[in-house]
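Values in this text are rule-based calculations from the coordinates and carry no lab data. Predicted model only: the values in this text are computed from it and were never measured. Cβ sites come from the backbone with ideal geometry, for glycine too, and all protein chains shown count toward neighbours.
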């Protein structure tokens with residue numbers, strides 16, 4: 001049967017894209033029936049001023065606000081539980097998240113726990129959230145995570161050295177307010193990490209086993225936009241037009257991977273982040289070319305279309321040459337963006353590969369990877385990335 005004829009679903013929130021979207025937080029939270037919201041953010045976003053602007057929008061619509069900003073990169077389970085306690089103590093009836101993936105995933109976790117009365121770590125896996133979350137509005141401030149439109153929630157369990165993946169349509173926010181102006185306060189390294197994370201989302205979604213004609217459209221457009229504009233945003237961070245293109249690419253990528261899932265890059269990056277607390281975007285950027293090389297044989301024609309979306313002329317080349325060209329372009333894009341680290345330079349030791357590979361193979365993202373992998377395969381990819 002043609003892939004386009006197979007049944008499939010596509011889940012997405014209401015989203016508003018454009019400069020000034022952040023100022024609509026109050027209107028939408030009020031429209032969702034909120035009277036007092038928990039504003040979930042982090043110290044960096046607060047210092048940049050974005051949290052304050054959103055709080056002002058909430059105040060303008062007569063909403064009371066309690067702030068929870070104790071959110072780390074790679075948000076911890078204990079932070080989710082502490083945020084839930086704050087939500088309950090303050091008598092909140094809605095949540096507004098302002099920030100990158102960490103505040104947004106923490107906010108989703110708080111909503112899940114507040115509604116379901118269980119510890120966040122008990123809900124790992126797919127479709128295990130029984131009760132719907134309180135109203136949730138997300139204002140992303142990084143062009144990369146896609147959490148504002150996705151059904152994924154990634155929470156770190158440092159006690160076990162793992163990242164927990166929760167996938168559930170109930171975790172999709174009610175409204176996403178996607179304002180590219182918020183990207184102008186990001187430094188070059190964060191810009192590169194989040195942009196390459198979004199590119200990885202798009203590539204993995206396009207080759208994932210659960211891809212569909214609808215996710216394909218979003219994934220390829222994300223590849224095109226991010227590959228064309230990311231370097232310019234690293235070099236000229238105040239260029240709002242370029243920032244908008246990357247933010248739009250990140251939005252497309254989020255819609256794609258939320259519905260098609262991801263693959264080995266993210267499974268392996270989650271393992272690294274859980275065990276060693278490393279930057280997620282940097283891990284993805286380091287691993288991407290090596291995973292593409294591993295997965296190529298499973299769906300070469302789809303990787304060739306990715307290469308064309310990046311701007312590679314595939315005409316007149318055989319499959320091996322096309323593979324080489326795509327891997328070389330991904331490597332060049334990563335290094336030009338400023339990500340020139342290896343796993344070794346980030347402090348990863350070969351002695352950790354077996355444990356990392358074991359954890360990665362158990363990650364939910366591996367289920368959609370286009371090529372079946374063994375623990376040894378994943379250990380080899382870590383070795384190639386050292």
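Annotations
- Contact order, relative form, for the chain: 16 percent (alpha carbon pairs under 8 Å, 6 or more residues apart, mean separation divided by residue count).
- Alpha-carbon gyration tensor eigenvalues x 5, square-rooted, for region 147-287, Å: 23, 19, 14
- Kirkwood hydrodynamic radius computed over region 187-384 comes to 16.6 Å, based on all pairs of distinct alpha carbons.
- Projected onto their three principal axes, the Cα atoms of region 194-262 cover extents of 37, 16, 15 Å, largest first.
- At q = 0.18 Å⁻¹ the log10 of I(q)/I(0) for region 3-45 amounts to -0.76, computed by Debye summation with a single uniform scatterer per C-alpha, solvent ignored.
- Computed over the alpha-carbon atoms, the chain gives an Rg to Rh ratio of 0.96, Rh here being the Kirkwood radius from the mean inverse distance.
- Cα long-axis angle, helix 375-384 against the chain (0 to 90 degrees, to the nearest 10): 80
- Nearest-ten-degree value, helix 300-310 long axis tilted from longest Cα axis of the chain: 60
- By the beta-carbon count within 10 Å of each Cβ, the least crowded to most crowded order of 223, 40, fewest first, is 223, 40.
- Extending 7 Å from the Cα toward the beta-carbon at both residue 157 and residue 82 defines two label points whose distance is 2.0 nm.
- Cα shape, region 82-147, gyration tensor, a/c 1.5 rule: oblate
- Taking a ≥ b ≥ c as the square roots of the eigenvalues of the Cα gyration tensor, region 19-121 is oblate, since a/c reaches 1.5 or more and a/b is not larger than b/c.
- The listed peptides 330-339, 21-30, ordered by packing as a protection proxy, come out as 21-30, 330-339 (highest mean of other Cβ atoms within 10 Å first).
- Once the C-beta distance of residue 362 and residue 59 is scaled by a Förster radius of 56 Å, the resulting FRET efficiency is 0.80 to the nearest 0.05.
- Helix 77-89 and the long axis of the chain differ in direction by around 20°, with both axes built from C-alpha atoms.
- Applying 1/(1 + (r/R0)^6) with r as the Cβ-Cβ distance of residue 119 and residue 210 and R0 = 35 angstrom yields a FRET efficiency of 0.80.
- Taking region 187-384 and dividing mean pair separation by its residue count, relative contact order in percent (alpha carbons under 8 Å, at least six apart): 29
- Order of 280, 358 - criterion: other Cβ atoms within 10 Å of each residue's Cβ, fewest first: 358, 280
- Relative contact order %, region 1-132, counting alpha carbon pairs below 8 Å whose residues are six or more apart: 26
- With neighbours defined as other Cβ atoms within 10 Å of a residue's Cβ, the residues 148, 6 order from fewest to most as 6, 148.
- Shape metrics for region 15-76, restricted to C-alpha atoms - Rg then Dmax, Å: 12.0, 33
- Mean Cβ count within 10 Å, highest first, over the residues of peptides 101-111, 55-65: 101-111, 55-65
- Overall form of region 290-355 per C-alpha gyration tensor (a/c, 1.5; a/b vs b/c): oblate
- Take each peptide in 158-170, 120-132, count the other Cβ atoms within 10 Å of every residue, and average; sorted highest first, the result is 158-170, 120-132.
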